[in-house]
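*Asks:* Can you keep this structure in mind? I'll have questions shortly.
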Amino acid sequence: MGEYVVFLFAAAAIFIFVMIVSFFKRYKRCPSDRILVVYGKVGKGVGTESRSAKCIHGGAAFIWPVIQDYAFLDLTPISIEINLTNALSKQNIRVDVPSRFTVGISTESGVMTNAAERLLGLSQDDISNLAKDIIFGQLRLVVATMDIEEINSNRDKFLAAVSSNVEAELNKIGLKLINVNVTDINDESGYIQALGKEAAAKAINDAKKSVAEKNRDGSIGEANAHQEQRVQVAAADASAVEGENTAKITVANSDASRREKEAEAERLASAAEKVTQARALEEAYAAEQLAENARATRDKATQTANIVVPAEIDKQKIEIAAEAIAEQTRRHAKGEADAIFMKMEAEGKGTYEILSKQAEGFDKLVQAAGDDAKDAVMLMIADKLPELVATQVEAIKNIKIDKVTVWENGGGKDGKTSTANFMQGMMGSIPPMEELFKMAGMELPTYLGKKVEGDDTVAFEDVSDKEDKTEE
């Protein structure tokens, strides 16, 4: 069983190898000097017509086995010698036109197909003979349409007509005309020879005439040459003199120009020297100025470092110290202000408490006086009367009454004795009790007396005595 499998694999491999080799063998490349013609089943052409062959030039194609085959057409040029004799011209004169034509298979698409259809399988000799027959017929046709003079003199027109007619017929079998070369043209009647003799005689006569004309022209030219020589010699002499004068003028102008240019050069040199000196002085002054500026800058920097910087440092120190002192002062003032505020706040609270207590006491005093404010004031004055009396006594306590001697003469003003006036004056020197009451915001009670106004003194009058006298 294993050997059978190996055999199958070997057979398959051989088959594949044979197929690959066959495939490569059927792939045909076309050289540049040939045309590959594939024939058989090659597809359809224009419309629904089947193509008879496929022509390839300069490429390659795969040739399918069984349904296709191939062949090559050689593109080598073929040289054909055509010795046309007794060709009848338009003038009914028979001429001989020996020539040589070079033809070859065309590579144009449509013409290649014609070659594949009509020349495939033919040898080079067969193709040459076929082309020769076509060329003979077309060459006779062209000769019959032209005169001998036209054929002999206008060879370009003759060759163009031959090429046009011959190439059109060669294309029908797949060929193209490469070159046409007519060697000579002869006729049996000697017409072309006579034309040649006529042309020769005409040429000889033209030559003789030309020689005579040339001799005449030579004599005239010689005379003209002598005349021209004399004129030119005279003109040359005049031109020479003029040239000498011009040269002298040129030399003089050159000397003047040289001297002018030398003076200008000296002036420019002097000016340049002065400009250079001025420029050197300017650069020296500029350098000195730069040096002075640098020195001033250095001195300024030194002064700044020695004076401004320490002053700036001291200023900053003073500012820092002032800020510190101000901060301390602000803190101290804030502390003092806080202390004063607390002290005043405490005093205010104390005063408030005192006044509150006094107001409470006065309120109770008014209530005790039967809600009569005046009676309450009288109670307060009665309570303070010992202090008032003490104050009055304090004013006269140092007076030594026992050492006062009063001489009484018995007379006095207003019926008063001198002793009474003396006592009244002394009592007037004591601070009036009514003023004390007014300073306290109160009025003196009527039972203590009232002010008596006189011319020079103010005294208190005993109201109680008056009341007693009134009652009496």
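Quick note: the coordinates plus some simple rules give every number you see, no bench work behind them. Nothing here was measured: the structure is a model prediction, and the numbers come from that model. Methodologically, a virtual Cβ is constructed for each residue, glycine included, from the backbone with ideal geometry; neighbour enumeration extends over all protein chains shown.
*Asks:* Run the paramagnetic zone check for ILE63: 7 angstrom along Cα to Cβ, then residues of the stretch 149-188 with backbone nitrogen under 13 Å.
*Replies:* none
*Asks:* For SER52 and ASP96, compute 0.36 nm times the residue count separating them, minus their Cα-Cα distance, and round to one decimal in nm.
*Replies:* Between SER52 and ASP96, full extension yields 11.6 nm more.
*Asks:* Expected output is a single nm value to one decimal: the length gained when fully extending between ALA337 and ALA369, i.e. 0.36 nm times separation in residues minus the C-alpha distance. What is it?
*Replies:* Contour length minus the Cα-Cα distance gives 6.9 nm.
*Asks:* Pairs of Cα atoms under 8 Å, at least six residues apart: use those to get the relative contact order of the stretch 76-189, whole percent.
*Replies:* The normalised contact order for the stretch 76-189 reaches 41 percent.
*Asks:* OK, next. Using Cβ counts within 10 Å as a stand-in for footprinting exposure, how do ILE63, ILE134, ILE35 rank, fewest first?
*Replies:* By the 10 Å Cβ count, ascending, the order reads ILE63, ILE134, ILE35.
*Asks:* Follow-up. Which ordering of THR113, THR297 is given by a fewest-first count of other beta-carbon atoms within 10 Å?
*Replies:* With the sparsest Cβ surroundings first, the list reads THR297, THR113.
*Asks:* Fewest first, what order do SER106, SER99 take by the number of other Cβ atoms within 10 Å?
*Replies:* Listing SER106, SER99 from fewest to most nearby Cβ atoms yields SER99, SER106.
*Asks:* Describe numerically, in nm with one decimal, the distance between label points set 7 Å from Cα along Cα→Cβ at ASP184 and at LYS209.
*Replies:* Output for this residue pair reads 3.1 nm.
*Asks:* Between GLU360 and LYS132, 0.36 nm times their residue separation minus their Cα-Cα distance comes to what?
*Replies:* Here the answer is 65.0 nm.
*Asks:* Evaluate E = 1/(1 + (r/R0)^6) for ARG267 and VAL241, where r is the Cβ-Cβ distance and R0 equals 41 Å; express this FRET efficiency to the nearest 0.05.
*Replies:* Result of the calculation: an efficiency of 0.60.
*Asks:* Also, I was wondering about something else. Using the beta-carbon distance between ALA71 and ASP156 and R0 = 30 Å, what value does 1/(1 + (r/R0)^6) give for FRET efficiency, to the nearest 0.05?
*Replies:* It comes out at approximately 0.15.
*Asks:* Could you pull out the trypsin sites (Lys or Arg not before Pro) across the stretch 151-181 that fall in loop regions by DSSP (anything but H, G, I, E, B) with no more than 14 other Cβ atoms inside 10 Å?
*Replies:* Here the sparse-neighbourhood loop sites are LYS172.
*Asks:* Please give, to one decimal in nm, the separation of the simple spin-label points placed at MET344 and VAL18, each 7 Å out from Cα toward the Cβ.
*Replies:* Each label point lies 7 Å from its Cα, and together they span 13.8 nm.
*Asks:* Past 32 Å, Cα to Cα: identify those pairs from LYS132/LYS157; LYS54/LYS132; LYS157/LYS214; LYS90/LYS172; LYS248/LYS274, in the order given.
*Replies:* Flagged as over cut-off: LYS157/LYS214; LYS248/LYS274.
*Asks:* Compute the distance in nm between two label points, each set 7 Å from the Cα along the Cα-to-Cβ direction, one at ARG26 and one at GLN289.
*Replies:* Those two pseudo-labels are separated by 10.4 nm.
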